[in-house]
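Only one structure is covered here, and it is reproduced in the block below.
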Amino acid sequence: MRIGPQHLVDLAAGAAFLGTGGGGDPYIYRLATAAALHEHGDVELVNLDDLPDSAVVMSIGGAGAPTIGREKLPNGLEGQWALRKLEAYLGKRADALIAAEIGGGNGLVPILTAAHTRLPVVDGDGMGRAYPETQMMTFSIYGVSATPMSAVDEFGDGVVITARDSVTAERIVRQVGLAMGGQCMCADHAMDAETARRVAVKGTVTLALELGRQIRQSADLAAFVAASRSHLEAAGYGAAVPLLEGKVVDVSRDLVGGYDVGVVKLKSFTTARTMQIMVRNEYLVAIEEGRYIATVPDLICIVDNDTLEPITSERIRYGQRVAVIGVGAPPTYRTPEALAVTGPRAFGFDVDFTPLDNTN
Amino acid sequence: MRIGIDVGGTHTDAVIMDGAEVVGSTKALTTSDILSGIRAALDEVLRQTGAAPSAIECVMIGTTQFTNAVVTRSGLARTAAVRVCLPTGSAVPPMADWPPDLRSQMDGGAHLLHGGHEYNGRPIAPLDANEVSRAIESIDASGVRALAVTGVFSPLTPDVEDEIAARFHDSIDVLDVTRSHELGRLGLLERENAALLNAGLKPLARHVIGAMRASLDQAGIAAPVYVSQNDGTLMEAAAAQEHPVRTFSSGPTNSMRGAAWLSDVDRAIVIDVGGTTADVGMLIDGFPRPSGTTVEVGGVRLNFGMPDVLSIGLGGGSIVRESGARVGPDSVGHELVERALVFGGDTLTATDIGVGVGLARIGDRALPDLETGVLDAAQQRIRASLADAVDRIKTSPAPLPLIAVGGGAFLVPDDLPGISRVARPQHAGVANAIGAALAQVSGEAELLYAAGADARDAALASARQQATQRAIAAGARPGTVEIVDVEEVSLAYMAESTTRLRVKAVGDLDLDEIAVRDV
């Protein structure tokens with residue numbers, strides 16, 4: 001299919017849902033991408049299966065604090081510059097782009113870049129949601145080197161990072177982003193299509209589009225849960241499970257090691273149930289009376305209870321009326337090697353991953 | 001004594017308060033010149049109380065005129081946007097997401113210039129003098145005389161906006177300039193939107209605020225004039241003329257603040273039933289609960305604090321249909337006194353139902369016989385609508401008191417689910433004018449700080465002090481200033497941990513200080 005401006009409202013809403021609170025508010029990238037598609041025309045969305053084995057796929061996405069992104073808006077060319085820098089280093093051109101993370105504004109970055117470069121965009125990504133760090137991408141988990149990784153700013157100034165592993169690359173790019181004013185655009189994980197087929201989370205652009213459409217069309221939470229089921233299953237995810245409908249009764253935030261760490265407390269509308277959601281940029285685990293009822297890598301999404309609009313962790317506030325929805329992670333995140341870097345213990349919680357489908 | 005006035009779309013209400021007592025109140029019709037409506041209301045309350053104009057110490061005015069101008073797309077000036085941002089930001093130009101009808105009316109051209117600052121104050125790029133000159137020439141030639149200047153991270157580093165505004169003032173004679181940092185918060189698009197609307201509203205603000213002053217002069221009242229802001233606090237009339245967007249949403253805020261004061265309850269549900277709609281909100285600590293999700297006025301995104309208010313199509317003028325199964329959302333509005341049955345008209349309205357079931361005594365003739373069951377059915381319908389709205393706005397299942405205000409307050413039943421009791425205070429019909437007269441002023445401070453326990457304490461102390469000083473500068477009595485809100489948001493993904501801190505202080509208006517200044 002081809003992605004045009006008419007798809008972006010749904011795509012942005014679906015990406016925000018899959019962002020599990022992180023990935024940044026997609027509103028600004030929605031506007032920037034719409035303008036680029038109007039100017040340069042629609043972008044082709046391709047299946048990895050339809051690319052030749054040797055086709056070169058490069059991952060693209062921004063890194064930075066959401067508040068920085070709300071002041072330093074994109075000029076729209078950053079993605080193209082990051083891509084060209086990586087291509088120049090490697091001495092080969094990309095044949096297709098893939099999102100580093102489908103969650104939040106980063107879900108739209110490859111489409112904006114593709115509008116300028118006329119490259120196709122792969123229906124898939126490296127996270128299936130949003131995560132805070134490079135080594136949490138499926139590309140890295142399943143053996144693709146994150147580096148060489150390019151990082152550029154709004155002038156096109158930039159660097160190419162080479163590093164012995166993804167954790168090191170992440171540490172370096174974080175410092176680079178800071179020197180660039182708190183955000184940068186990256187191209188990384190260059191791989192052939194044969195490899196990408198093995199390591200990517202597939203079908204997530206289509207999934208975001210469909211979820212966004214259901215968010216817009218569903219009359220209420222129950223309707224959304226029912227309507228989203230087949231789309232989530234098609235992409236390998238578990239069903240959406242309503243965990244709580246209630247009000248936000250407390251939000252605490254602290255900063256630990258460069259992350260937004262906090263606790264969102266909720267209280268049911270109708271019963272005495274309460275819930276705590278632990279935040280590290282993303283919503284990571286949901287706890288009810290000391291019991292973990294949902295744990296990362298399963299998705300924990302918070303949406304407005306009336307409009308179903310996803311609420312990012314930066315915008316969650318006391319008094320909001322919300323629904324908490326859990327979604328089972330795709331199988332690629334349930335393997336021992338994936339859980340070692342994205343399971344609850346990787347975030348410091350003293351609990352093993354318990355899939356949603358076993359706890360509810 | 002002080003006077004509270006609410007200039008709404010349909011009615012201009014006025015009250016005179018002596019200390020904590022309402023000594024006079026009235027409702028007049030709003031007029032298109034604003035002035036004669038206020039005059040009529042003023043004359044009536046002065047007559048009621050026999051107060052001498054010289055005994056009035058202070059006048060507080062709330063108005064929905066500027067919100068209505070944006071919503072109805074009338075009275076807005078064509079406005080040019082100057083954004084100091086390059087090489088960032090060109091992918092999302094000014095007014096990119098505005099409704100086309102509003103944009104076609106207000107778009108006075110966009111000029112993106114090199115400059116702006118990083119979060120830590122480092123310049124992104126130097127200003128280009130030639131670029132600035134070209135923008136000035138272009139706007140001068142276009143004839144547009146309203147201008148909004150927005151710089152990247154200007155709430156933290158306002159210098160660039162000041163410099164550009166000064167250059168424009170030096171070059172073009174008559175110009176309404178709004179610098180975005182005057183209006184506050186981080187979030188460039190929303191701040192730019194507020195600056196654009198503000199610049200475009202300034203000519204209307206001169207008219208409205210000028211009419212307010214003129215009507216008071218004519219009535220012989222020389223007291224200082226304050227205008228209410230969207231958070232229920234006051235600003236000086238001159239500030240309202242500079243920043244009309246700060247009055248957005250002050251209508252529901254005033255009626256909720258007035259309701260809180262009239263009933264001496266500071267945690268409650270408030271329902272303000274007007275002619276066409278009922279506004280349902282929640283009071284926490286005497287202030288309306290702020291809205292958490294995206295705020296829009298007339299389809300334009302803003303990052304102001306606005307009260308979380310649910311409007312439903314139910315008011316005294318709501319038309320009753322289908323044997324009482326449907327009430328509203330359409331209304332006879334200000335034609336109630338011609339069209340309602342109890343005024344001899346031909347339309348069955350919610351007011352007629354209220355009279356029929358004995359909740360209200362309104363009108364100049366008896367209610368004619370109605371179809372059997374209509375009264376019961378309509379009353380049940382009204383009850384169900386209000387019960388649903390109350391449930392949607394509540395934050396906890398625990399029962400809360402409810403305060404019913406507005407001309408149609410009699411439609412609120414005494415036994416709504418989740419409500420412990422219903423307060424129907426005296427003067428509930430003019431709660432909005434009373435809310436305007438509740439003298440509180442505020443000051444806000446916002447800053448970023450890097451990690452470390454000492455840094456946090458220092459930042460917090462500095463922000464508290466700044467906010468307090470700003471409240472006092474705005475007219476608050478020093479001993480009464482309290483910090484009412486502290487908000488911290490950490491900037492994720494930054495290697496050097498950085499937190500955004502926002503503090504708000506509120507205090508009572510210092511009436512003595514006003515008198516001294518006035519002399």
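For A:Ala323, the conditions (1) closer than 27 Å to A:Glu133 by Cβ; (2) away from chain B (no Cβ under 13 Å); (3) part of a strand (DSSP E or B) are fulfilled apart from (1). Going through (1) assigned to a loop (DSSP other than H, G, I, E, B); (2) surrounded by fewer than 24 Cβ atoms within 10 Å (Cβ to Cβ); (3) touching a residue at least 60 places away in the same chain (Cβ under 8 Å) one by one, A:Ile102 falls short only on (2). Answer yes if at least one residue in the stretch B:33-48 is under 23 Å from the mean Cα position of the chain (by Cα), assigned to a loop (DSSP other than H, G, I, E, B), of a type in the set (S, T, N, Q) and within 25 Å of B:Gly407 (Cα to Cα), and no otherwise. Looking for residues that are under 23 Å from the mean Cα position of the chain (by Cα), assigned to a loop (DSSP other than H, G, I, E, B), of a type in the set (S, T, N, Q) and within 25 Å of B:Gly407 (Cα to Cα), one finds none in the stretch B:33-48, hence no. The single condition among (1) in a helix (DSSP H, G or I); (2) surrounded by fewer than 24 Cβ atoms within 10 Å (Cβ to Cβ) that B:Ala222 does not satisfy is (1).
Using the structure shown, decide if A:Pro52 is touching a residue at least 12 places away in the same chain (Cβ under 8 Å), out of contact with any Lys or Arg (no Cβ under 9 Å at 6 or more places or on another chain), surrounded by fewer than 21 Cβ atoms within 10 Å (Cβ to Cβ) and assigned by TED's automatic domain parsing to the domain that holds A:Phe155. For A:Pro52, the condition - touching a residue at least 12 places away in the same chain (Cβ under 8 Å), out of contact with any Lys or Arg (no Cβ under 9 Å at 6 or more places or on another chain), surrounded by fewer than 21 Cβ atoms within 10 Å (Cβ to Cβ) and assigned by TED's automatic domain parsing to the domain that holds A:Phe155 - is met. Tallying residues that are assigned to a strand (DSSP E or B) and either without any contact (Cβ under 8 Å) to a residue 12 or more places away in the chain or at the interface with chain A (Cβ under 9 Å from one of its Cβ atoms) (or both) within the stretch B:84-116 yields 2. When B:Leu147, B:Leu175, B:Leu196, B:Leu188 are checked against the criterion of being within 25 Å of B:Leu102 (Cα to Cα), within 14 Å of another protein chain (Cβ to nearest Cβ) and in contact with a strand residue (DSSP E or B) (Cβ under 7 Å, 6 or more places away or on another chain), B:Leu188 stands alone in meeting it. Of the set (1) in contact with a strand residue (DSSP E or B) (Cβ under 6 Å, 6 or more places away or on another chain); (2) without any contact (Cβ under 8 Å) to a residue 60 or more places away in the chain, all apply to B:Asp18 but (1). Take the residues of the stretch A:112-127 that are part of a loop (DSSP other than H, G, I, E, B), out of contact with any Pro (no Cβ under 9 Å at 6 or more places or on another chain) and at negative phi: which is farthest from the other protein chains (Cβ to nearest Cβ)? Among those residues, the one meeting the criterion is A:Pro120.
When you scan the stretch B:310-354, how many residues do you find that are acidic (Asp, Glu), surrounded by fewer than 18 Cβ atoms within 10 Å (Cβ to Cβ) and outside any strand (DSSP E or B)? It would help to see each step written out before you state the result.
As a first pass, look at the stretch B:310-354 and keep what is acidic (Asp, Glu): B:322, B:330, B:335, B:338, B:346, B:352.
Checking which are surrounded by fewer than 18 Cβ atoms within 10 Å (Cβ to Cβ) leaves us with B:322, B:330, B:335, B:338, B:346.
From what is left, the residues that are outside any strand (DSSP E or B) are B:322, B:335, B:338, B:346.
Total satisfying the criteria: 4.
Inspect the stretch A:304-314 for any residue being away from chain B (no Cβ under 12 Å), in contact (Cβ under 8 Å) with a residue 40 or more places away in the chain and either under 18 Å from the mean Cα position of the chain (by Cα) or surrounded by fewer than 23 Cβ atoms within 10 Å (Cβ to Cβ) (or both) and give the result as yes or no. No, the stretch A:304-314 contains no residue that is away from chain B (no Cβ under 12 Å), in contact (Cβ under 8 Å) with a residue 40 or more places away in the chain and either under 18 Å from the mean Cα position of the chain (by Cα) or surrounded by fewer than 23 Cβ atoms within 10 Å (Cβ to Cβ) (or both). In summary, B:Thr157 fulfils each of the numbered conditions (1) in a loop (DSSP other than H, G, I, E, B); (2) away from chain A (no Cβ under 14 Å) with the single exception of condition (2). Residues considered: B:Ala377, B:Ala458. Of these, the only one that is aliphatic (A, V, I, L, M), assigned to a helix (DSSP H, G or I) and surrounded by fewer than 17 Cβ atoms within 10 Å (Cβ to Cβ) is B:Ala458.
More than 28 Å from B:Pro290 (Cα to Cα) and either at pLDDT 95 or above or within 14 Å of another protein chain (Cβ to nearest Cβ) (or both): is that true of A:Ala329 in this structure?
Considered against the rule, which asks whether it is more than 28 Å from B:Pro290 (Cα to Cα) and either at pLDDT 95 or above or within 14 Å of another protein chain (Cβ to nearest Cβ) (or both), A:Ala329 comes out as yes.
Just to be sure, is B:Val23 assigned to a strand (DSSP E or B), closer than 30 Å to B:Ile139 by Cα and more than 14 Å from chain A (Cβ to nearest Cβ)?
Here the answer is no, as B:Val23 does not meet what is asked.
Scanning the stretch B:42-83 for residues that are of a type in the set (D, E, K, R) and touching a residue at least 60 places away in the same chain (Cβ under 8 Å) turns up B:Asp43, B:Glu57, B:Arg73, B:Arg78, B:Arg83. Can you name the residue in the stretch A:141-168 that is more than 14 Å from chain B (Cβ to nearest Cβ) and surrounded by 24 or more Cβ atoms within 10 Å (Cβ to Cβ) and is also farthest from A:Asp188 (Cα to Cα) among such residues? This residue is A:Ser166.
Scanning the stretch A:266-290 for residues that are under 23 Å from A:Tyr237 (Cα atoms) and away from chain B (no Cβ under 11 Å) yields A:Ile277, A:Met278, A:Tyr283, A:Leu284, A:Val285, A:Ala286, A:Ile287. Selection within the stretch B:8-20: residues that are touching a helix residue (DSSP H, G or I) at 6+ places or on another chain (Cβ under 6 Å) and part of a strand (DSSP E or B). The member of this set that is surrounded by the most Cβ atoms within 10 Å (Cβ to Cβ) is B:Ala14.
For the stretch B:105-121, a residue qualifies if it is more than 15 Å from B:Val177 (Cβ to Cβ), of a type in the set (Gly, Ala, Ser) and at pLDDT 95 or above, and the qualifying residues are B:Ala110, B:Gly115, B:Gly116.
Among the residues of the stretch A:18-73, those that are charged (D, E, K, R), out of contact with any helix residue (DSSP H, G or I) (no Cβ under 6 Å at 6 or more places or on another chain) and within 12 Å of chain B (Cβ to nearest Cβ) comprise A:Asp25, A:Glu39, A:Arg70, A:Lys72. Of all residues in the stretch A:174-192, those being aliphatic (A, V, I, L, M) and either surrounded by fewer than 23 Cβ atoms within 10 Å (Cβ to Cβ) or at pLDDT below 95 (or both) number 5. Yes or no: the stretch A:223-234 includes at least one residue that is touching a Gly at 6+ places or on another chain (Cβ under 9 Å) and modelled with pLDDT under 95. The answer is yes, given that some residue of the stretch A:223-234 is touching a Gly at 6+ places or on another chain (Cβ under 9 Å) and modelled with pLDDT under 95.
Every condition in (1) out of contact with any strand residue (DSSP E or B) (no Cβ under 8 Å at 6 or more places or on another chain); (2) closer than 30 Å to B:Tyr449 by Cβ is met by B:Ile164 except one, and the failing one is (1).
Can you name the residue in the stretch B:289-309 that is β-branched (Val, Ile, Thr) and in a loop (DSSP other than H, G, I, E, B) and is also modelled with the lowest pLDDT among such residues?
Checking each candidate, the answer is B:Thr293.
The values are calculated or read from the model by the stated rules, or taken from the named source; none is laboratory data. In this text the structure is predicted, and so the values were computed from the model without any measurement. Glycine gets a Cβ as well: all are built from the backbone with ideal geometry, and neighbour counts include every protein chain shown.
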